[in-house]
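Below is one structure, written out as structure tokens; the observations come after it.
The values are calculated or read from the model by the stated rules, or taken from the named source; none is laboratory data. Since we're looking at a predicted model, the values are computed, not measured. Backbone-built Cβ (ideal geometry, glycine too); neighbour counts: all protein chains shown.
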Amino acid sequence: MNPNIAVISIMNDRFEKQSFPVPANEFARAKALGELDPDYLDLSRSMTDLSRLAAKIAGTKISLINLLDHFTQWNISAFGMEVERLPREESVCQYTVMEVETEEFEVKNLAEDERFSSRDYVRDQPNLRYYYGIPLKVSQDLSIGALCVMDTEMKDLTAEKREMLAIVAKEIVNRMKANKQLEEMKQRIMTMTQVKNRLAHDIRGPIGGIIGLADIIENQGEENEMEEMMEFLGLIKKSSKSILDLANEILTQDKEQQAQNSDQLLASAQWTLAELKQKLEDMFFPQAKSKGVRLEILVEGTHVTPTFPRNKILQILGNLISNSIKFTAPSGKIVVRLAWHVEGSQKTLQFAVQDSGEGMSAEKLHEIMQGSGSSTLGTQGESGYGFGMKLVLHLVKSLEGQMTCESAPGEGTLIQIRIPVS
């Protein structure tokens, strides 16, 4: 067995037993994807031309650009086939992300490969046969997804076509990194604008005082006594110094805050809770519905509508919701609550994910909160990869947040998260 591959075996109604590959560095891989903070449903606009180009190069009917998180294969651009998501364990691209050394994964006939022959997309429409994938590498040994071309007929790609597809795959990663950098730049500009506005507001008073003293001196003209003039000049000097001190204080505070909380400041967008709610519904309602689980997402305290950076929020809540769906049986219920807590100038995002699932023992709960929990199977044999909660803890900590978890066997689980927003 390849030492770089870990294997998870699961049982479910459709398969007697099936093994799924997991990179040995899966946590680092998931972390790298989280750092890019992708919006899986909003990346297609910048990738449409590349998925189309890949299909034209390969001469195939279908081309997909897929990202693989802890639970799901998310399609961020498709040509010739409509698909948004697929359980990771049912995908072909999960094998492609393993090939960081060979940098390609090819299946000449999916129908003759026991790993894929029973899949719906092979047995039924669109009756796929040929698959060729290239890992989307963010570094030498980390792949966050795959560019794949597929067809209903056998294909034989030339070396030249393979080389050209590899170039397209590199461009996909470059665009993702460029998009991230662009959003970081936007946030820096926004932060600088806030500093400028704050500075303008705070120094208005002292400057008004200086102007007032200057008016007095000017209006009194020659009537000003030397002693009185010196007093006025002293006040002007003090007021001027206070402006410089205030400006330095504001600029220093903001510089320190940027250094200490760069992950928070380098956000890719500003959202309201209502916008976050809509995004989560778009992403996870289909997954919950397909399992027969009721998913409810609520915004509490709707009278409070400030915006917040979306930095890593989707990755945090996405992992928690996917995990709850995994461990909640059909006809069960998951409730996600989104709220603000505002006290003076301190704003805190509050999230709660509560499910009616299997729950956990005190020992298992302790393992999870220590970041050392191992993967177990879902209520319908869904595979787990052992890193979901560990990644959530890492992301929450990187945002200087707090997470608590309450659970008991047979009584479901409640996870609450608090993230400060400056």
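Check whether at least one residue in the stretch 25-34 is polar (S, T, N, Q) and over 14 Å from SER139 (Cβ atoms), and report yes or no. No: zero hits.
Matching residues to (1) more than 22 Å from GLY332 (Cα to Cα); (2) in contact (Cβ under 8 Å) with a residue 12 or more places away in the chain; (3) of a type in the set (Ser, Thr, Tyr); (4) crowded, with 21+ Cβ neighbours inside 10 Å:
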residue	(1), (2), (3), (4)
LEU280	no, yes, no, no
MET283	no, yes, no, yes
SER290	no, no, yes, no
LEU298	no, yes, no, no
ARG310	yes, yes, no, no
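Here GLY373 meets each of (1) modelled with pLDDT of 60 or more; (2) crowded, with 18+ Cβ neighbours inside 10 Å; (3) in a loop (DSSP other than H, G, I, E, B) with one exception, condition (1). Regarding ILE62, is this residue over 20 Å from PHE284 (Cβ atoms) and among the aliphatic types (A, V, I, L, M)? In short, yes. Looking across the stretch 63-121, the residues that are among the polar types (S, T, N, Q), free of Cβ contacts under 8 Å to residues at least 40 places away in the same chain and over 25 Å from GLN140 (Cβ atoms) come down to ASN75, SER117.
At least 1 residues being surrounded by fewer than 22 Cβ atoms within 10 Å (Cβ to Cβ) and small (Gly, Ala, Ser) is the threshold, and among the strands (runs of 3 or more DSSP E) wholly inside the stretch 52-134 those reaching it are 72-79. Output the residue which, of all residues in the stretch 341-363 that are assigned to a strand (DSSP E or B) and at pLDDT below 90, is surrounded by the fewest Cβ atoms within 10 Å (Cβ to Cβ). Among those residues, the one meeting the criterion is GLU343. If the condition is being part of a helix (DSSP H, G or I), in contact with a Gly (Cβ under 9 Å, 6 or more places away or on another chain) and without any contact (Cβ under 8 Å) to a residue 60 or more places away in the chain, then the stretch 312-335 contributes only ILE325.
Scanning the stretch 154-168 for residues that are touching a residue at least 40 places away in the same chain (Cβ under 8 Å) and either acidic (Asp, Glu) or assigned to a helix (DSSP H, G or I) (or both) gives LYS161, ARG162, MET164, LEU165, ALA166, VAL168.
When every residue of the stretch 134-146 is checked against the conditions, none turns out to be without any contact (Cβ under 8 Å) to a residue 24 or more places away in the chain and farther than 14 Å from ARG29 by Cα. Per this entry, LYS397 is counted among residues that are basic (Lys, Arg) and at pLDDT 90 or above.
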